[in-house]
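Following: one structure in structure tokens, then a few remarks.
The values are calculated or read from the model by the stated rules, or taken from the named source; none is laboratory data. For clarity, every value in this text was computed on a predicted model and none was experimentally measured. Every residue, glycine as well, gets a Cβ built from its backbone with ideal geometry; the counts of neighbours run over all protein chains shown. Accessible surface is based on the protein model in full, side chains and every heavy atom, while ligands, DNA and RNA are left aside. Shrake-Rupley method; radii C 1.70, N 1.55, O 1.52, S 1.80 Å.
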Amino acid sequence: RTGQPADAIFGMEYLGKFTSDVEANAVPQRFDVSLKSGDLHYADLNGDNQVDDNDQMMIGHSEPRLYYGMTAQLRYKNFEVFVHGAGRAMYDLRLDNSYFWNGWGDNNYSNFVLNNNGGAYPRLTYYKVNNNFIMSDFWLTKGDYFKIQNVELAYTIPAKAVQFMGSRGIRLYVRGANLLTISKVKDVDPESIDSGVTNYPLFRTFTGGVKLNF
């Protein structure tokens, strides 16, 4: 691994799912006693006729190569709109928390497992098949996202309308935070995929207020 980027993600090269039990056990692997049809198939990269940790390669990188943001403020008469968004791009996200790595035992199924059973998910088993839950490019996805982080809508009541109060104007506003995320990553927040799974979620909040100017 010498000379690789500091944020390099190492894992197995995923070749597809085994289509038969015979194919699954044609090349020995060191993660389980045996494999079956529907388990994940990895490349024997070093050519020693077995699949183990020595066959890992760099499969991605975890730090974004691009951070960007957008701020817009519009005014029309007494109305104001402020929008701020930020995003990250050009990096990989490891789908290896308990939301994605489950599906064995009793009642241990996330929506990801239920929605991808028979398709993008490995063979369901009662006992965990270690082979299917080691890091590989099967469990990587592009982490790119753009998030509308803050929006504020305000209306200022002009001074003429509130002269009887001795005020120079009243500003009414509503704010929202963490309103919208645009990403190919579903069900979890790409900004922090553990939020709402094993950590507190990144909340969506709404506030409002009145500002009096005298």
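Taking amide H as placed 1.01 Å from N in the peptide plane, the amide H of residue 9 sits under 5 Å from that of 59, 60, 61, 62, each at least 5 places away or on another chain. Residue-wise HN-Hα couplings along segment 11-26, as the Karplus relation 6.51 cos²θ - 1.76 cosθ + 1.60 with θ = phi - 60° gives them from phi, are x, 8, 8, 7, 9, x, 9, 5, 9, 7, 5, 5, 4, 5, 10, 5 Hz; Gly and Pro carry x.
Taking a straight Cα-Cα cut-off under 18 Å and skipping sequence neighbours fewer than 8 places away in the same chain, the lysines within cross-link reach of residue 128 are 17, 36. Residues in segment 1-95 average 61 Å² of solvent-accessible surface per residue, probe 1.4 Å, ligands and nucleic acids excluded.
At a Cα cut-off below 19 Å, give the lysines reachable from residue 147, other chains included and same-chain residues fewer than 8 away excluded. Correct list for residue 147: 184, 186.
In the chain, carbon and sulfur make up what percent of the accessible area (probe 1.4 Å)?
On the way: 6860 of 12850 Å².
Carbon and sulfur together cover 53 percent of it.
For a quick protection proxy, order the peptides 193-205, 130-142, 13-25 by their average other-Cβ count within 10 Å, most packed first. Intermediate results must be reported in sequence, preceding the final value.
Details: 193-205: 13.1, 130-142: 18.9, 13-25: 14.7.
By packing density, highest mean first, the sequence is 130-142, 13-25, 193-205.
Here the simple spin-label model places points 7 Å from the Cα toward Cβ, and for residue 96 and residue 168 these points are separated by 5.8 nm. Cross-link partners of residue 142 among aspartates and glutamates, defined as those whose alpha carbon lies under 17 angstrom from its own and excluding same-chain residues fewer than eight positions apart: 7, 13, 63, 92, 96, 187, 189, 191, 194.
Evaluating 6.51 cos²θ - 1.76 cosθ + 1.60 at θ = phi - 60° for every residue in segment 153-159, the Karplus couplings come out as 10, 9, 9, 9, 7, x, 4 Hz, glycine and proline recorded as x.
Roughly speaking, what is the stretch gain from residue 161 to residue 180, that is 0.36 nm per residue apart minus the C-alpha to C-alpha distance, in nm to one decimal?
Working: separation 19, 0.36 × 19 = 6.84 nm, distance 3.59 nm.
Difference between extended and current length: 3.2 nm.
Using the beta-carbon distance between residue 78 and residue 58 and R0 = 35 Å, what value does 1/(1 + (r/R0)^6) give for FRET efficiency, to the nearest 0.05? List each step's numbers first, then the result.
Numbers: r = 56 Å, r/R0 = 1.61.
The calculated FRET efficiency here is 0.05.
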